[in-house]
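Step one of this worksheet: look at the structure below.
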Amino acid sequence: MSHDSTTVPADRPECSTSWLARAGLRPTRQRRALADLLLAGGNRHLTAETLHGEAREADAGVSLATVYNTLKAFTSVGLLREIVIEPGRVYYDTRNDDHPHFYHEDDGIIVDAPSGSVTFADLPEAPEGMEIASVDVVVRLRRKG
Ligand SMILES: [Zn+2]
């Protein structure tokens with residue numbers, strides 16, 4: 001049982017080298033190792049700690065600090081989306097189009113919510129000189145009762 005979403009964009013590249021090249025990143029050994037893990041098994045939401053654990057299992061020889069830096073680099077070039085649940089709890093999403101999420105508070109699991117299920121009739125206006133870059137939607141769930 002996986003907590004990954006089953007939604008995989010049709011244009012997802014399978015090869016970590018081309019995935020990195022598309023964003024203009026040099027395919028260093030560590031970046032390729034982490035990209036391979038990220039791209040394995042389709043669309044994923046994972047924390048730096050989870051990825052570090054997988055890297056250790058795969059004997060990738062990548063420190064947690066490197067995992068953090070690499071995830072930041074991947075996010076800054078648009079390969080990943082960052083989802084901040086709360087300070088110190090950040091998920092990285094391999095699906096980088098706009099889409100809402102369900103966060104299961106009881107289990108600490110994040111999954112994609114159906115796309116197109118969120119519409120905003122009236123967003124607050126951006127302050128003078130600013131524009132809205134994106135709107136992140138995380139619907140927090142808990143068990144009833
Ligand atoms: Zn997602």
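How do LEU37, LEU25 line up, fewest other C-beta atoms within 10 Å first?
Working: LEU37 23, LEU25 19.
By the 10 Å Cβ count, ascending: LEU25, LEU37.
Report the longest stretch of the chain that contains none of the GluC sites (Glu not before Pro) sitting in a DSSP loop with at most 15 other Cβ atoms within 10 Å. All intermediate terms of the calculation are to be shown ahead of the outcome.
Details: sites that count: GLU14, GLU105, GLU125, GLU128, GLU131.
No qualifying site falls inside 15-104, the longest such stretch.
State the percent of C-alpha pairs, over all pairs in the chain, separated by a distance greater than 26 angstrom.
Values: 3076 of 10440 pairs.
Across the chain, Cα pairs with separations above 26 Å total 29 percent.
Angle between the Cα long axis of helix 29-39 and the longest principal axis of the chain, 0 to 90 degrees, nearest 10?
The angle comes out near 50 degrees.
Where Lys and Arg each count +1 and Asp and Glu each count -1, what net charge lies around PRO100 among other residues with Cβ under 10 Å from its Cβ?
Details: positive: none; negative: ASP98, ASP112, ASP136.
Result for the neighbourhood of PRO100: -3.
Which of ILE85, ILE109, ILE132 ends up with the largest GNM mean-square fluctuation for the chain, with Cα atoms connected below 10 Å?
Of ILE85, ILE109, ILE132, the Gaussian network model singles out ILE132 as fluctuating most.
Give me the distance between the Cα centres of segment 75-138 and segment 48-67, rounded to whole Å.
25 Å
In nm, to one decimal, how far is the modelled label at ALA126 from the one at LYS144, with both set 7 Å along Cα→Cβ?
4.1 nm
Read the figures in this text as sums done on the coordinates, not as results from a lab. The model shown is predicted, which means the values in this text are computed figures rather than measured ones. FYI the Cβ positions are ideal-geometry reconstructions off the backbone, even for glycines, and counts take in every protein chain you see.
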